[in-house]
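Data first, discussion second: the structure below is written as structure tokens.
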Amino acid sequence: MSKVDLSPRPVEAMSPRQLERRKHLIRAAIDLVAEIGVERVQMKQVSERSGVALGTTYRYFSSKDHLLAAAVSDWRGMLMTDLAAELRGSPVPLGGTDRVVRFVHRGMRAFQRQPHLAHLLVAVTVSTDPFASEAVDEMGNAGRASLLAVMPQVPAAARSVVPHIIDAAWQSELVAWVTGRSTLGDAYLRLEEVIRVVLAPYAAA
């Protein structure tokens, strides 16, 4: 007898109605995390808040970790898009390095306003759920692409390394702040120092 495939449906294979249902689940998960914290959120609560049956919820997300990883990935993706749009609309033109510093600092402020989501981001990065890990990898790729978009001065030969260094520093400072080992002010200063050191060779460009 062949085994039943219990893998969640891939996003690219979803119909418009299914994508809408997935959107409701992610919105409900983000709202619940913001209200009560990561640890207290349960799949049943997300199901009830979203209006999607619990059994159906598991067709979209294999576990709580998978759901929360996908949710914070979507939230951070929208945050990055908003930050990039804000920089493009800024009345004060910024140099390359200053633009990246402002981008990262504004991102940290967003997590300051939503501390439960900062805890969520840190929590999902250590999940062993394979589908959660996929969502975390996608979030990392999208984050580095967003960083690249605000640092056009970086040459092609360094465009895979530079955003990786800055994103890794950003994640490290977020972990230090969430776990109480650092203040947000210290995180801002260290991130700015890392960004300026990493981008110094390309400043003339």
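With all protein chains in place and ligands, DNA and RNA left out, the 1.4 Å accessible area ranks His105, His164, His116 as His164, His116, His105, largest first. The slack in the chain from Ala203 to Ile36, taken as 0.36 nm per residue of separation less the alpha-carbon distance, amounts to 55.7 nm.
Translational diffusion of region 1-88 was estimated from the Stokes-Einstein equation, with Rh taken as the Kirkwood radius over Cα pairs; at 4 °C and 1.567 mPa s the coefficient is 93 µm²/s.
Of the GluC sites (Glu not before Pro) in region 1-85, the ones in a loop by DSSP (not H, G, I, E or B) with at most 12 other beta carbons within 10 Å are Glu39. Of the trypsin sites (Lys or Arg not before Pro) found in region 23-92, the ones in coil according to DSSP and having at most 13 other Cβ atoms within 10 Å of their Cβ are Arg40.
The simple spin-label model puts a point 7 Å past each Cα toward its Cβ; for Ser62 and Arg190 those points are separated by 3.3 nm.
Could you pull out the trypsin sites (Lys or Arg not before Pro) across region 106-205 that fall in loop regions by DSSP (anything but H, G, I, E, B) with no more than 12 other Cβ atoms inside 10 Å? Listed in order of number, the matching sites are Arg181. When the surface is traced with a 1.4 Å probe over the full set of protein chains, Thr125 keeps roughly 70 Å² accessible. Note on Thr128 and Ala53: the extension gain reaches 24.4 nm, defined as 0.36 nm multiplied by sequence separation minus the Cα-Cα distance.
For region 65-127, the alpha carbon convex hull comes to 80 Å³ per residue, rounded to a whole number. Tell me, what ³J(HN,Hα) does each residue in region 25-36 have, in order and in whole Hz, if you take phi through Karplus 6.51 cos²θ - 1.76 cosθ + 1.60 with θ = phi - 60° and put x for Gly and Pro? The phi angles translate into 5, 5, 4, 5, 5, 4, 4, 5, 4, 4, 7, 10 Hz.
For Glu86 and Arg106 in one chain, what is 0.36 nm times their gap in residues minus the Cα-Cα distance, to one decimal in nm? Let's see the in-between values first.
On the way: separation 20, 0.36 × 20 = 7.20 nm, distance 0.98 nm.
That works out to 6.2 nm of additional length.
The values are calculated or read from the model by the stated rules, or taken from the named source; none is laboratory data. Values in this document were obtained by computation on a predicted structure and should not be read as measured data. Cβ coordinates were reconstructed from backbone atoms using ideal geometry, including for glycine residues, and neighbour counts include every protein chain displayed. Accessible surface is based on the protein model in full, side chains and every heavy atom, while ligands, DNA and RNA are left aside. Shrake-Rupley method; radii C 1.70, N 1.55, O 1.52, S 1.80 Å.
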